[in-house]
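J.: Questions regarding the structure given below will be posed in turn.
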């Protein structure tokens, strides 16, 4: 089992060294799309929404009770 | 003879600070806000990118008519606010007039939106024409659907009010309807600015 793990790790490392484009696929995708600014703003909008809502609900319940 | 459990229940109800129905409605509105936030963020992916928006050859959205329609919806929020205020003061006649006027403004908003949609479809903007059309009908359509639900609730509250179901001290149904109506009214200016400009 240890030998198999070591072999797989070696193959993966060699693959990353010999074909780095495959490893950098995600950053390349983000930079390649014309929608990267929109994606940034969309994620930026969505992340705080649940926290704001949870805080507002907490504030409302505390004020009402 | 009233049982001890019934007395306890009555006492608990009297001491209650938060109505379960109101809490449930607020949780529902939180879910709705998340739903619209998801739709808006998907829209922003296209809107804030340096691609041509709206796409070439698409009909121009009627900003002026929709701006007037926005004022109509905001006015309905104000009349509902005043309606609750006069109900608490015991002026039932004025309350009924304001509530009816609110419902009429809601129906006017929906009718104008419907007319606008018919015109846009005639000019070639449909759900399946492109992403622009898809987003327009999804966002504006979902809001319109919520306004429709709000108008139905308003008419239901109006009928119950005519039957004398609400008093200056007991008007939970009106409060629930108002909270929901304020949500749909408050959401529309955000959608209007995002989609039409």
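J.: What nm value, rounded to one decimal, do you get for the distance between residue B:179 and residue A:12 when each label is placed 7 Å out toward the C-beta?
T.: Each label point is offset 7 Å from its Cα along the Cβ direction, giving 5.0 nm.
J.: Okay, which of the stretch B:176-197 sit inside 18 Å, backbone N to the point 7 Å along the Cα-Cβ direction of residue B:108?
T.: Backbone N within reach: B:182, B:185-186, B:188-189.
J.: Taking the Cα of residue A:41, stepping 7 Å toward and past its beta carbon, and measuring to each backbone N in the stretch B:51-78: which are under 16 Å?
T.: B:51-55
J.: Which three extents, in whole angstrom, do the alpha-carbon atoms of the protein assembly as shown cover along their principal axes, largest first?
T.: Largest to smallest, the principal-axis extents are 83, 60, 25 Å.
J.: Which whole-number percent gives the relative contact order of chain B, counting Cα pairs below 8 Å spaced six or more residues apart?
T.: Once divided by the residue count of chain B, the mean separation gives 27 percent.
J.: Within 10 Å of each Cβ in peptide B:37-50, how many partner chain Cβ atoms are there on average? Round it to a whole number, please. Numbers along the way, then the final one.
T.: Details: counts 8, 4, 0, 4, 10, 3, 2, 11, 10, 4, 4, 8, 10, 5.
Across B:37-50, the average partner-chain Cβ count within 10 Å equals 6.
J.: So for the stretch B:122-197, averaging the separation of alpha carbon pairs under 8 Å that are six or more residues apart and normalising by length, what relative contact order in percent results?
T.: 30 percent.
J.: Order B:41-47, B:91-97, A:3-9 from most to least packed using the mean count of other Cβ atoms within 10 Å.
T.: Ranking, from highest mean packing down: B:41-47, B:91-97, A:3-9.
J.: Over the stretch B:58-197, what per residue volume does the convex hull of the Cα atoms give, in whole Å³?
T.: 90
J.: Further question on the same structure: Expected output is a single nm value to one decimal: the length gained when fully extending between residue B:78 and residue B:159, i.e. 0.36 nm times separation in residues minus the C-alpha distance. What is it?
T.: Between residue B:78 and residue B:159, full extension yields an extra 27.1 nm.
J.: Let me ask you something else. Counting pairs of alpha carbon atoms under 8 Å apart in space and at least six apart in sequence, what relative contact order in percent does the stretch B:4-111 give?
T.: Numbers: 37 pairs, mean separation 21.8, N = 108.
Once normalised by length, the contact order is 20 percent.
Values in this text are rule-based calculations from the coordinates and carry no lab data. These figures come from a predicted structure and were not determined experimentally. Methodologically, a virtual Cβ is constructed for each residue, glycine included, from the backbone with ideal geometry; neighbour enumeration extends over all protein chains shown.
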